[in-house]
Amino acid sequence: MTGSQAAKPDNRTSRLEALAQREQTTVLVVGGGINGISAFRELALQDIDVVLVERGDWCEAASGALSRMIHGGLRYMETGEFKLVKESLLERNRLLANAPHFVSPLPTTVPLFDYTSGITSALQRFLGLTEKKARRGGVIVKIGLTLYDIFAAPSPMPKHRFAARAATSRRWPDFNPAIACSATYYDGQISQPERLGVEMVHDAMEANPKALALNHVRMTGVKDGRVLLTDVMTGRAFALRPDVVVNATGAWIDFSNEALSPPTETPKRMIGGTKGSHLIVDNCRLYDALGDEMVYYENQEGRVCILFRYFDRVLIGSTDIPITDPDGLRCEDDEVDYILQSVQLIFPDLSIRRDEIVYTFAGTRPLPVSDASVAGRISRDHSIPVVPSTEKRPFPIYCMVGGKWTTFRAFGEQVADKVLAALKLPRSLSTTDLAIGGGKNYPAPGEARAAWVARCARDSGLPAARIEALLGRYGTHARTIALELGRSGDTPLAGLPDYSRQEFATLAATEDVETLADLLLRRTPIGITGRLNIAVAEEAADILAGLKGWSVPERDQRLDDFITRLARDHAVTLQRTVRDFQDQRRVS
């Protein structure tokens, strides 16, 4: 039995039919990034009739271009954003508990070139007297980390510690010898953020039959009090009359407000985003030097940069460039040079070749509009301005402005509470301690994990090593997938044997997969870790074609479009051209 035959049919068609049958909804959430998903989840869990639409895939844009950190924002204290830091640390700790399958502690070392630099400039920045950046020394970092520990309490992680030159050199022999000391503290990392978003969408729909979420559905405007929607995959049009709209389109909030307003209105500008670019590199020496720690450092300009292991690669970032157009972003050549040069400041004898860059990505931070001359001075906090209803638009628009990945739950909770208050409806459930997706009943390391793996291996008939791999990818959802693979077979992919055809088919059939990018860049980390090759792409195209009913020309066109997108947006060039592979297949 093939993977596509074994998998259950996708329910996208039934969800589109459900949308067509709805003339009205209490709340329409536009935007399926992490903030929109969080608002949708919060409202759905209060038994609200709520619809979520996303023009692309879940967490495709800014929410998929994060630095893979779950953190309190150490540097935000320098701008006096103590409330944001405290909220972020609280939410970080909650994510460690509620999503342990994807979120884990990350020890972080800050290399420092002296003890006294930056005291005066830090005070001036705190008082708002200057926006200039200056290198921070040990004293300033010590004060910041002490406050960080206080704000984080009670915390599941250790407090910070300092190391003098000798101890720093022993631990980090590849560091710049000019580094005088270092500080180490703990934050968090997230391995598969896009998957966490998908899990939240499905948790919400499973909990509330009235909750409906569809990716690849675009909001196109408003007419006669109804919001116009179009299914990108089929071109089918819908019209929905909401009582309330939540605009969670991030960097596109201003564009969405304009589309939701009559021509006679000019909505107030809310967003002034910045671009952040990152590299994923395959450099063994850097990988070994980092160990299990992140290096959090300042480059020559005082811009904060990061280096840490991400799966079996190294993630390096990032830039912070003001932009006006959030579409079509990619990591440009000058940004690559900038990022690589920053690494040389800390690891001067460690060079990274261009051909060791296996993936690049860039996204927009949807920050509030600001007149700050320095991007780093723009607040990372979030707010919920409301565009009031009018005669021609008989619904208010609650806009989710700003925010960061770490605080998505709190942000979603806050917008949901505002909406509930406006609707005079009570909150019936808190998500504070609610596990997410495969984080539910996630086994602790050691005996509990070994016992879980053994039970799942016994029940599915798959080897324990395979169950371990699935558990790492999907959390406790691995059991459902393993049982399916045990029934339908588990044929390894020719181009990537630690995945199987049936595994791909199960993801494609049950997790809102409509494109190759959905599957290979977001439901799995195959693309971002540089493990994608033409054979994997071909096999994935075949599986999706079987599930979706694509013709051979359509399948080939979708594969060609995906390969073009990889090269354009992520600097990934597959080794063989599509036409060469097709010609060989037809000859055979």
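The values are calculated or read from the model by the stated rules, or taken from the named source; none is laboratory data. Because the structure is a prediction, the values reported are computed rather than measured. Note: ideal-geometry Cβ built from the backbone for every residue, glycine included; neighbour counts use all protein chains shown. Ligands, DNA and RNA are excluded from the accessible area calculation, which covers all protein heavy atoms including side chains. Shrake-Rupley method; radii C 1.70, N 1.55, O 1.52, S 1.80 Å.
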Handout entry: Answer residue from region 111-159, given it is of a type in the set (A, V, I, L, M, F, W, C), closer than 30 Å to L95 by Cβ and open to solvent by 90 Å² or more (accessible area, probe 1.4 Å) and is modelled with the lowest pLDDT among those
Key = F126
Exercise for the section: Give D349, D325 a once-over and let me know the one that is under 16 Å from A65 (Cβ atoms), assigned to a loop (DSSP other than H, G, I, E, B) and open to solvent by 30 Å² or more (accessible area, probe 1.4 Å). Expected result: D325
Practice task
Under 6 Å between Cβ atoms, at least 6 apart or on separate chains: pull out the pairs that start in region 12-30 with a residue that is open to solvent by less than 70 Å² (accessible area, probe 1.4 Å) and at pLDDT 95 or above and end on any residue that is assigned to a strand (DSSP E or B) and of a type in the set (D, E, K, R).
Solution key: T26/D243
Problem - Selection within region 352-362 - free of Cβ contacts under 8 Å to residues at least 24 places away in the same chain and either of a type outside the set (K, R) or open to solvent by less than 60 Å² (accessible area, probe 1.4 Å) (or both) - result: D355
Handout entry: Conditions (1) surrounded by fewer than 22 Cβ atoms within 10 Å (Cβ to Cβ); (2) in contact with a Cys (Cβ under 9 Å, 6 or more places away or on another chain); (3) charged (D, E, K, R); (4) within 25 Å of R94 (Cα to Cα); number of the one not met by R165
Key = (4)
Fill in the blank from the handout: If we ask which residues in region 226-284 are within 21 Å of the chain's Cα centre (by Cα) and either surrounded by fewer than 15 Cβ atoms within 10 Å (Cβ to Cβ) or at positive phi (or both), their number turns out to be 1
Practice task
Go over the candidates L520, L485 one by one and state the one that is more than 17 Å from L559 (Cα to Cα) and crowded, with 22+ Cβ neighbours inside 10 Å.
Solution key: L485
Practice task
Filter region 228-274 down to residues that are more than 23 Å from A362 (Cα to Cα) and hydroxyl-bearing (S, T, Y) and give me whichever is modelled with the highest pLDDT.
Solution key: T230
Handout entry: Scan of region 32-75 for residues that are under 21 Å from L240 (Cα atoms), of a type in the set (D, E, K, R) and part of a loop (DSSP other than H, G, I, E, B), ordered by number
Key = D47, D49, R55, D57
Problem - Of residues in region 389-417 being of a type in the set (K, R) and outside any helix (DSSP H, G or I), the one nearest to L96 (Cα to Cα) - result: K404
Practice task
Give the residues of region 488-502 that are open to solvent by less than 10 Å² (accessible area, probe 1.4 Å) and touching a residue at least 60 places away in the same chain (Cβ under 8 Å), sorted by residue number.
Solution key: S500, Q502
Problem - Single residue of A97, A61 found to be surrounded by 20 or more Cβ atoms within 10 Å (Cβ to Cβ) and farther than 30 Å from F347 by Cα - result: A61
